[in-house]
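**Q** Right, I'll just put the structure down here and ask away after.
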């Protein structure tokens, strides 16, 4: 993945200083933030509160002599979606609006990105007329319109008995989207069976389709050898991965709809001697916190914990829904609109409004260690850490509690006895003293909240 830039702002960034909108030091700091978080400098300025998006857009509009289009209530011509692929729309922050004769008018967050314009001209085979729009509104419209067309399509979970994805595989379908229908059928069967992890791997009879349930793999058939290359290429493309790369691991995400609700799956590829192995993990959309924690005293307790320094530990077994609960906690914290909430994740499972989600990118060196060095410059109030692998990072983020930060961590434990056994190690002595509250997920319908006193009594 390339470092994200905004060529328009790179050209005009010092004009912001000359016009008194920001100070020179602010531009330098925003550049450091942008490089660390792999975002463009404009987004860094906005996220850090150095300038509002409205002021930045007005500045760009006057400098570029390019009209600004507010996409909030704009209905674009859906026929024009065919001119720009979903992956290109997301990559270049661009969406088609309408076409008159041989000119396609597009909304762009970066109108001076000539490479993007040339790329779209080449694929659309027409002239491009760019107008200016905010990055946030463009991404929102991309999700709204492209998901309607559906890269995978809508999956309906009505009353279906004995559904088998192989019925789709064996259809005499010669259309271009037959592979897409097969992917949708596999996802549909996984959803119907309550499966969250799907593994595709090389086997004797082709590309095996396996459902993982409670640590057990169940083979559900195989993609025939003749279709494997087409299948993997299509799945990668839909997940915004490079279909030409198979020698190194890749990480992406797949968006699809289940009963018209957008669902996201992380997609991880890994080379093996039997060919690529593709691991797909499906995440449910987050619920409101009061739908998960139904006890009013416990709900009040955890809400209070979000407003004071300390570590909130979310525990449960594998696939218990730890990420789901954490996202609900983050959405609850964001309701106040007065906290700087940041996440550090390998890949974001859902875009959470009002929360600064940061994805690691090893290709440019943005990992947990780099995040630890820079995140305090962002002055976060609440930080969610997807997972910590090194003791140094663990100790560092724990120490942020002394700087009045609220840290949300996840911890794998099959049950309370397993938790007690793991927490007995001396490495966790400091952690135990800093935990303000713990959320333990016993099952999908049983979530328990421990406060500092009850947890200390339990863990000793």
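The values are calculated or read from the model by the stated rules, or taken from the named source; none is laboratory data. Note that the structure is predicted; figures quoted are calculated from it, not measured. Positions of Cβ are backbone-derived with ideal geometry, glycine not excepted, and every protein chain shown enters the neighbour counts.
**Q** Go through (1) out of contact with any helix residue (DSSP H, G or I) (no Cβ under 7 Å at 6 or more places or on another chain); (2) at pLDDT 90 or above for residue 211 and report which single condition fails.
**A** Among (1) out of contact with any helix residue (DSSP H, G or I) (no Cβ under 7 Å at 6 or more places or on another chain); (2) at pLDDT 90 or above, residue 211 violates only (1).
**Q** Listed residues 172, 161, 168; which is farther than 26 Å from residue 40 by Cα, at pLDDT 90 or above and either in the same structural domain as residue 242 (by TED's automatic domain parsing) or in contact with a strand residue (DSSP E or B) (Cβ under 7 Å, 6 or more places away or on another chain) (or both)?
**A** Details: 172 fails: at pLDDT 90 or above; 161 fails: at pLDDT 90 or above.
Selected residue: 168, the only one of 172, 161, 168 that is farther than 26 Å from residue 40 by Cα, at pLDDT 90 or above and either in the same structural domain as residue 242 (by TED's automatic domain parsing) or in contact with a strand residue (DSSP E or B) (Cβ under 7 Å, 6 or more places away or on another chain) (or both).
**Q** Would it be correct to say that residue 262 is assigned by TED's automatic domain parsing to the domain that holds residue 443 and in contact (Cβ under 8 Å) with a residue 40 or more places away in the chain?
**A** Answer is no for this residue.
**Q** Consider segment 342-374. How many of its residues are assigned to a strand (DSSP E or B), surrounded by 20 or more Cβ atoms within 10 Å (Cβ to Cβ) and in contact with a strand residue (DSSP E or B) (Cβ under 6 Å, 6 or more places away or on another chain)? First the steps, then the outcome.
**A** Initially, segment 342-374 is screened for residues assigned to a strand (DSSP E or B), giving 342-345, 356-359, 361, 366.
Next, only the ones that are surrounded by 20 or more Cβ atoms within 10 Å (Cβ to Cβ) stay: 342-344, 358, 366.
Next, from what is left, pick out any that are in contact with a strand residue (DSSP E or B) (Cβ under 6 Å, 6 or more places away or on another chain): 342-344, 358.
The total comes to 4.
**Q** Would you be able to tell me the number of residues in segment 97-110 that are surrounded by fewer than 22 Cβ atoms within 10 Å (Cβ to Cβ) and under 17 Å from residue 138 (Cβ atoms)? Quick ask: steps written out before the conclusion?
**A** Applying the first criterion (surrounded by fewer than 22 Cβ atoms within 10 Å (Cβ to Cβ)) to segment 97-110 yields 97-103, 105.
Applying the additional criterion that residues be under 17 Å from residue 138 (Cβ atoms) yields 97-98, 105.
Total satisfying the criteria: 3.
**Q** While we're on this one: Could you go through segment 298-316 and let me know if any residue there is in the same structural domain as residue 452 (by TED's automatic domain parsing), touching a helix residue (DSSP H, G or I) at 6+ places or on another chain (Cβ under 8 Å) and closer than 30 Å to residue 208 by Cβ.
**A** Yes, there is a match, as at least one residue in segment 298-316 is in the same structural domain as residue 452 (by TED's automatic domain parsing), touching a helix residue (DSSP H, G or I) at 6+ places or on another chain (Cβ under 8 Å) and closer than 30 Å to residue 208 by Cβ.
**Q** Given the conditions (1) touching a strand residue (DSSP E or B) at 6+ places or on another chain (Cβ under 6 Å); (2) under 24 Å from residue 252 (Cα atoms), and given that residue 128 satisfies all but one, which numbered condition is not satisfied?
**A** Residue 128 satisfies every listed condition except (2).
**Q** Against the conditions (1) touching a strand residue (DSSP E or B) at 6+ places or on another chain (Cβ under 7 Å); (2) modelled with pLDDT of 90 or more, where does residue 242 fall short? Just the number, please.
**A** Only one criterion is unmet by residue 242, namely (2).
**Q** Taking only segment 375-417 into account, find how many residues are out of contact with any strand residue (DSSP E or B) (no Cβ under 9 Å at 6 or more places or on another chain) and more than 19 Å from residue 310 (Cβ to Cβ).
**A** Adding up the residues that qualify gives 6.
**Q** Could you pull out every one of the helices (runs of 4 or more DSSP H) wholly within segment 261-341 that has 2 or more residues that are over 21 Å from the mean Cα position of the chain (by Cα) and surrounded by 14 or more Cβ atoms within 10 Å (Cβ to Cβ)?
**A** 296-305
**Q** What number goes with the only condition from (1) under 28 Å from residue 451 (Cβ atoms); (2) at pLDDT 95 or above that residue 269 does not pass?
**A** Just one mismatch for residue 269, condition (1).
**Q** Would you please name the residue that is surrounded by the most Cβ atoms within 10 Å (Cβ to Cβ), looking only at residues in segment 57-76 that are outside any loop (DSSP other than H, G, I, E, B) and touching a residue at least 40 places away in the same chain (Cβ under 8 Å)?
**A** Top of the filtered list is 60.
**Q** Suppose we keep only residues that are under 19 Å from residue 354 (Cα atoms) and part of a helix (DSSP H, G or I) within segment 23-40. Which one would you say is nearest to the chain's Cα centre (by Cα)?
**A** Ranking the candidates gives 37 first.
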